[in-house]
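The values are calculated or read from the model by the stated rules, or taken from the named source; none is laboratory data. As the structure is a computational prediction, the values presented were derived from the model and not from experiment. Cβ coordinates were reconstructed from backbone atoms using ideal geometry, including for glycine residues, and neighbour counts include every protein chain displayed.
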Amino acid sequence: MSLRMTPDQTRAVESLDTDCIVSAGAGSGKTRVLVERFLRILEEHGEDPDILERIVAITFTEKAATEMKDRVRQGLKDRLENARKRDDTEAADRWYRLLTEAERTRITTIHSFCTRLLRDFPVEAGVDPGFSVMDETEAGMLLRETVEASLPRVTELPDPGRTHLEQWISHWGVEGCIPWVMEACHRMAGNGWDPGDLLHRTRSHLHLTAGKLQAEWRERREALLMLADPLMHLKGGKKLQTFQRDWPGLSLEILEAGNPADLISPLEELGKLLQGNWGKKTEITAPRDRLKEEVQELLNVATGLTLMPVEREMSEAMGSLLAEVHQRYVRAKRERSALDFDDLQTRAIHLLRDHPKVLDRVRDSIRFLMVDEFQDTNDGQKKLVDLLCGDPASSPPGKLFVVGDPKQSIYRFRGAEVRVFGETREEIRSRGGREVNLVDNFRSDPALVDFVNLLFGRLMSGDPTSPNHYRETVANREPKDGLRVEYLPVPDSKACPEGKDPRDVEAERVARRIRQLLDEGTPPGEIAVLFQAMTHVKRYEKALVRRGIPFYVVKGRGFYDRQEVVDVLHYLRFLADPGDLLSLTGVLRSPFCGVSDGTILALTREPGWEQSPGRWPEIEGIREGERQKLAGFADQLARARRWAGRLPVAELIERLLESSGYRHVLWATPQGKQARANLDKLVHLARGQKHQGGSIETFLQSVEEWQTVQQETEAAVEPEDGNSVKLMTIHQSKGLEFPVVFVPDLSRSPNVNQSDVTVDREFGLVLLLRGIAGVRGEPFRWRKWKEREQRLEREESVRLFYVAATRAEHRLILSGVPQEHKGGKKGEPILSADTWSKWLDGVFGFDRIDWERENWDLGEKEVVLRVHPREEEEGDPKPPEAASPLASGWFEQPEAVSPEESPAREAATAMEPRGWQPVDRPEISVTDIMTLVNCPRKYFYSRILGISFPAGWTEEPEEELRDEEESFLLTPQRKGEMVHRMIEECPPSFGDESLEDFWERMMDLFRVNPSVRTEVRRELQPLFEAYRNSRFHRDAHRYSQVEREARFVRVLADLEVEGVVDRLHCTPDGSWELVDYKTNGIRAEEVEATAREYLPQMQLYVLAAREKWGRQVSRATLFFLHPGKEFSWEVDDEWVRQAEEHLAETSRLFLRGQGIEDYSPRPGKRCGYCEFRHFCGAAGN
């Protein structure tokens, strides 16, 4: 061996006489250990002519299998060369034979192994010998078709379960239910179950839970009565006195309750009594808190028992639906002689389990079994490994060798169970096997290793039985000079420049730091930016383009949403349907034609404009350059219409691209290489699918089907070692390493699982029961499953952070909004917080940053982080120009990036996505929701079509809604930002800081130019004074547990909605009120009508408060600062139910709305000044 191995590596390699499990930390050389053990086996057993086929090595991916094969082959060559140098003819002959037969090695993935096993024994396995293996897209499309065909059969199920299932489907809609049913089928198959197995597991758990709850509700009732007694003998304020007055009556109701359902009402009343501010005396608050906790527990038990009959009936009905889907899916696959990936594993297990002779034959053919990445296996794969190994007492010693690192288990979403690694470790140790821990890190600089040890030594567990058990690693490479870890702070939303989101600023700062590294000599190919999710990657792409930085999005999602692909599909849709004005508009705005929105508006003013392309250049009001574009496009369109129907679709696309010069335009854009590759991929898909030679309509229908089942990745344009900055998910980086690693978006909040049905190995079917008549609250089993899932997801999030941090070789750069871990001050665990940024604060403390020296001394092992300045530096692009007469000198802004740093700027602008494209849909704003709800047609024009008009194209409304006295010095957005920040910063009273000082501090904070501060204050002061005179400020002492500017992320279907709740507080009567401040300039008589437009926003906020913070809001209030009026909704169960339905319907339209017909107009007063009124037919109504 050319490099010496560590003692631990040597122990693992030489463990040929005993089973062995290796826990291999990041960068510890586990692949080398696998390869060296493989070669050591060949060295010891090389005389066996079949030894190459008697070693089975199972890896996680085809790429890993190929790498291991190559390294084994290289190892054989090295040993052959060494034997020849030693003149050891016998050894040389043996190594030469093994090298020439190296293709016989069985280094494979689990699915490839199972495929070969089924092909070797097709009769026993019950499969067609020539079966094909469907890829994920094909299998997904087939399963979706099966679910769609099965849902109508629900009407044939027996009652009462049928009624529940029909209500559930009606509540969410067929399209909304399909993905959930598909996911349940995947999870069922992943566990190796059929519907019978699933129902058996569900019934057993339901029975077990019911028995437990029946015994528990009476015990908890007695405990609750005992916990309440001490409060009756204390003296205190009004809250305690009210409790003492009402408790005797409530306690009697609770005591006399004959069944759990009778407990719910008095428990809810008791819960309200215990809310609110009870003072600060521990002798009162401590027993109150214990009683409050017991009330909630008993309420959960009572609700669970009350819902149990409906849960049983719904489970039986859902099980019947899944059985119908399963039967149809199995039949459809049999007709195609095809298997999916789940079938390969399940059928292989059944083959070995049900056919002892086959099992003996296969088991005897394997002398050594090695499994890599064992932390990412599941129960089914472990079952397969156990079958291959056999009884430890009779199997040959040293047969099983598994390698993994539980700290890097990050694939729960694929069904991986990290606990399998721990169970296998205990099994191997219990039978005398060996455990080896590889703690040397050969990858990272010692300073990086010290940082990782400090951080994850706190975030992970010291318990050896925990999946997140952390052992300190040891750096095994020479250190380099300089700070190895950096932190890029990002301002929060209140401190960002106008028009920017914190993620926009973060993308700019990351791009600027990358530019600095490139200027210092770091090659682009040595840098990787690793994301928790790719939701915001487009922001980073734009920031990198602006600075001329080459980058590559690794397996970028959203192939069909890339602008160049959308443009071609628009062209095809218009050729197929000349009445499709949406597609025609898309083509006109694309490089196929390239005219402006103003030109399109001029076209749409002509009756029947779409029918006569040849007349477009003659229309008045169009500039000469635009006329030429229209004339050229009309000729091009005439040719395309002649080709359509005569040429195969692939050839038609090629001609459209060549005749229009579309591909040549792409070369002038920063991402031209990627765009051309995507177009080539589209042509390839059109040429290679079944519809080749078919109609345009058939191809477009296939595209729609592909989009429903899978996110097609973009075309690959360079190898992994290409010289460009890599943008990828942390999951994609697993197994890779880079000299420089950026980990942005540390303040990202985790998504909340919103599925109503799931399959769990312990629980069986788990259902939420939303949409079913008479159901209030959550089933007990769902609640317990959700609590466990949240804990497991949080543990996996720590592991994901660990994987990201350990990809770096020389430099690790973290970025995000510094967030305070508020729970840390109360003694809460670090992981009680929900973001990586808060974890950093909990471990190291942002308050320990020395901003002047720009470092962060972590206090241990002399670990110091370089901290970049908080303020923006020169070179940041300016924010968009404000629509204000004073905008040019209003804010003190840094200089813009020079034109030299932004090559091909005009071409890049032409190719940027127009408006809000489908690729952005996973990330939506509250404003998007309000626009869609208030007028879907306007949303369609502005967001889907992305139409915008230059100044002068639209007229001002004849009737102004704003107060005549209102000034236009501030943009509405900037005004809102400043007022909200002032409200947040406003002290209870002005003492040490005077009101004048406060105003000056606010002006400094927002960097208002001194020359206009008087005018700005004059505009803001009425709004600020309205707040100071409101009950929220005047009576602030009456409200408790006040949360201000509380940020949340909520998932609606597949959409990620981010918002900020202005205020959430507990009122004197113990109920929760949610408040949102509005800075609209409206009249008092317009408050109610305006408030109605904000109802979707308030519905979203109330649901988010319930889900994220557990606050059962009783009142939702809008406070209009001008004219100082409130409007409130009383929130009850019916209000919440309607909110859920309205938002579910809105999310369905977000995800599935396609053409203009999906976005119906809502005519009204606003039509009079809507910018789209000239070509919206509803405006005249």
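For residues in region 477-489 being in contact with a Lys or Arg (Cβ under 9 Å, 6 or more places away or on another chain) and assigned to a loop (DSSP other than H, G, I, E, B), which is nearest to D440 (Cα to Cα)?
Applying the first criterion (in contact with a Lys or Arg (Cβ under 9 Å, 6 or more places away or on another chain)) to region 477-489 yields 477, 482-489.
Next, from what is left, pick out any that are assigned to a loop (DSSP other than H, G, I, E, B): 477, 482-484.
Details: R477: 10, G482: 22, L483: 21, R484: 19 Å.
The residue in question is R477.
Within region 784-888, which strands (runs of 3 or more DSSP E) (wholly inside it) include 1 or more residues that are modelled with pLDDT of 90 or more and among the hydroxyl-bearing types (S, T, Y)?
Hits in region 784-888: 808-816.
Identify all residues within region 582-626 that are part of a helix (DSSP H, G or I) and over 30 Å from R562 (Cβ atoms); write none if there are none.
We begin by selecting, within region 582-626, every residue part of a helix (DSSP H, G or I); these are 582-589, 597-604, 609-611, 613-618, 624-626.
Residues satisfying the conditions are Q611, G614, R615, P617, E618, E624.
So which helices (runs of 4 or more DSSP H) stay within region 116-183 end to end and still have 2 or more residues that are within 30 Å of R104 (Cα to Cα) and either at pLDDT below 90 or not polar (S, T, N, Q) (or both)?
On the way: elements: 122-125, 136-150, 161-172.
Result: 122-125.
Does at least one position in region 294-314 carry a residue that is part of a helix (DSSP H, G or I), more than 38 Å from the chain's Cα centre (by Cα) and touching a residue at least 24 places away in the same chain (Cβ under 8 Å)?
no
Filter region 834-848 for residues that are more than 15 Å from M460 (Cβ to Cβ), surrounded by 19 or more Cβ atoms within 10 Å (Cβ to Cβ) and either in contact with a Phe, Trp or Tyr (Cβ under 9 Å, 6 or more places away or on another chain) or among the polar types (S, T, N, Q) (or both) and give the result.
Matches in region 834-848: T835, S837, F844.
Taking A1084, is it touching a residue at least 12 places away in the same chain (Cβ under 8 Å), out of contact with any helix residue (DSSP H, G or I) (no Cβ under 7 Å at 6 or more places or on another chain), exposed (fewer than 15 other Cβ atoms within 10 Å of the Cβ) and within 30 Å of K975 (Cα to Cα)?
Values: touching a residue at least 12 places away in the same chain (Cβ under 8 Å): yes; out of contact with any helix residue (DSSP H, G or I) (no Cβ under 7 Å at 6 or more places or on another chain): yes; exposed (fewer than 15 other Cβ atoms within 10 Å of the Cβ): yes; within 30 Å of K975 (Cα to Cα): yes.
Spelling it out, A1084 is indeed touching a residue at least 12 places away in the same chain (Cβ under 8 Å), out of contact with any helix residue (DSSP H, G or I) (no Cβ under 7 Å at 6 or more places or on another chain), exposed (fewer than 15 other Cβ atoms within 10 Å of the Cβ) and within 30 Å of K975 (Cα to Cα).
Please indicate, with yes or no, whether at least one residue in region 208-221 is at negative phi, out of contact with any helix residue (DSSP H, G or I) (no Cβ under 8 Å at 6 or more places or on another chain) and aliphatic (A, V, I, L, M).
Within region 208-221, the subset at negative phi is 208-221.
Next cut, out of contact with any helix residue (DSSP H, G or I) (no Cβ under 8 Å at 6 or more places or on another chain) only: 208, 211-212, 215, 218-219.
Applying the additional criterion that residues be aliphatic (A, V, I, L, M) yields 208, 215.
Within region 208-221 (the criterion being at negative phi, out of contact with any helix residue (DSSP H, G or I) (no Cβ under 8 Å at 6 or more places or on another chain) and aliphatic (A, V, I, L, M)), the answer is yes, since at least one residue qualifies.
Among the residues of region 208-248, how many are surrounded by fewer than 14 Cβ atoms within 10 Å (Cβ to Cβ) and small (G, A, S)?
Total satisfying the criteria: 3.
Assuming R799 fulfils every condition listed in (1) surrounded by 22 or more Cβ atoms within 10 Å (Cβ to Cβ); (2) in contact with a strand residue (DSSP E or B) (Cβ under 9 Å, 6 or more places away or on another chain); (3) more than 19 Å from W172 (Cβ to Cβ) apart from one, which condition is it?
(2)
Looking for something assigned to a strand (DSSP E or B) and among the hydroxyl-bearing types (S, T, Y) - is there at least one such residue anywhere in region 538-548?
Taking region 538-548 as the starting set, the residues that turn out to be assigned to a strand (DSSP E or B) are none.
So far as region 538-548 goes, no, none of its residues is assigned to a strand (DSSP E or B) and among the hydroxyl-bearing types (S, T, Y).
Looking at the structure I just gave you, is A507 touching a strand residue (DSSP E or B) at 6+ places or on another chain (Cβ under 9 Å) and either aliphatic (A, V, I, L, M) or at pLDDT below 90 (or both)? Can you show your working first?
Details: touching a strand residue (DSSP E or B) at 6+ places or on another chain (Cβ under 9 Å): no; either aliphatic (A, V, I, L, M) or at pLDDT below 90 (or both): yes.
It is false that A507 is touching a strand residue (DSSP E or B) at 6+ places or on another chain (Cβ under 9 Å) and either aliphatic (A, V, I, L, M) or at pLDDT below 90 (or both).
Scan (1) among the polar types (S, T, N, Q); (2) in a helix (DSSP H, G or I); (3) closer than 17 Å to T18 by Cβ for the single condition Q375 breaks and write down its number.
(3)
Name every residue in region 760-775 that is small (G, A, S) and either under 22 Å from M188 (Cα atoms) or in contact with a Leu (Cβ under 8 Å, 6 or more places away or on another chain) (or both), in order of residue number.
Step one: list which residues in region 760-775 are small (G, A, S), which gives 764, 771, 773-774.
Residue satisfying the conditions is G764 alone.
Would you pick out the residues in region 772-790 that are farther than 15 Å from S315 by Cα, in contact with a helix residue (DSSP H, G or I) (Cβ under 8 Å, 6 or more places away or on another chain) and of a type outside the set (K, R)?
The answer is A773, G774, G777.
Taking the criterion of being surrounded by 17 or more Cβ atoms within 10 Å (Cβ to Cβ), in a loop (DSSP other than H, G, I, E, B), on the phi < 0 side of the Ramachandran plot and not aliphatic (A, V, I, L, M), would at least one residue in region 84-104 satisfy it?
Within region 84-104, none of the residues are surrounded by 17 or more Cβ atoms within 10 Å (Cβ to Cβ), in a loop (DSSP other than H, G, I, E, B), on the phi < 0 side of the Ramachandran plot and not aliphatic (A, V, I, L, M).
Tell me, please, whether a residue that is closer than 25 Å to E526 by Cα, touching a Ser or Thr at 6+ places or on another chain (Cβ under 8 Å) and crowded, with 22+ Cβ neighbours inside 10 Å can be found in region 453-462.
No.
So if I check each of V33, V22, which one is among the hydrophobic types (A, V, I, L, M, F, W, C), touching a residue at least 24 places away in the same chain (Cβ under 8 Å) and assigned to a helix (DSSP H, G or I)?
Working: V22 fails: assigned to a helix (DSSP H, G or I).
Result: V33 is the single residue among V33, V22 that is among the hydrophobic types (A, V, I, L, M, F, W, C), touching a residue at least 24 places away in the same chain (Cβ under 8 Å) and assigned to a helix (DSSP H, G or I).
Of the residues V587, V595, V665, which is among the hydrophobic types (A, V, I, L, M, F, W, C) and within 17 Å of V703 (Cβ to Cβ)?
Working: V595 fails: within 17 Å of V703 (Cβ to Cβ); V665 fails: within 17 Å of V703 (Cβ to Cβ).
Only one candidate passes the filter, namely V587.
Does any residue of region 716-725 turn out to be modelled with pLDDT under 65, surrounded by fewer than 15 Cβ atoms within 10 Å (Cβ to Cβ) and touching a Leu at 6+ places or on another chain (Cβ under 8 Å)?
Kept after step one, since they are modelled with pLDDT under 65, are these residues of region 716-725: 716-720.
Restricting the remaining residues to those that are surrounded by fewer than 15 Cβ atoms within 10 Å (Cβ to Cβ) gives 719-720.
Remaining after also requiring touching a Leu at 6+ places or on another chain (Cβ under 8 Å): 720.
Yes, the conditions are met somewhere in region 716-725.
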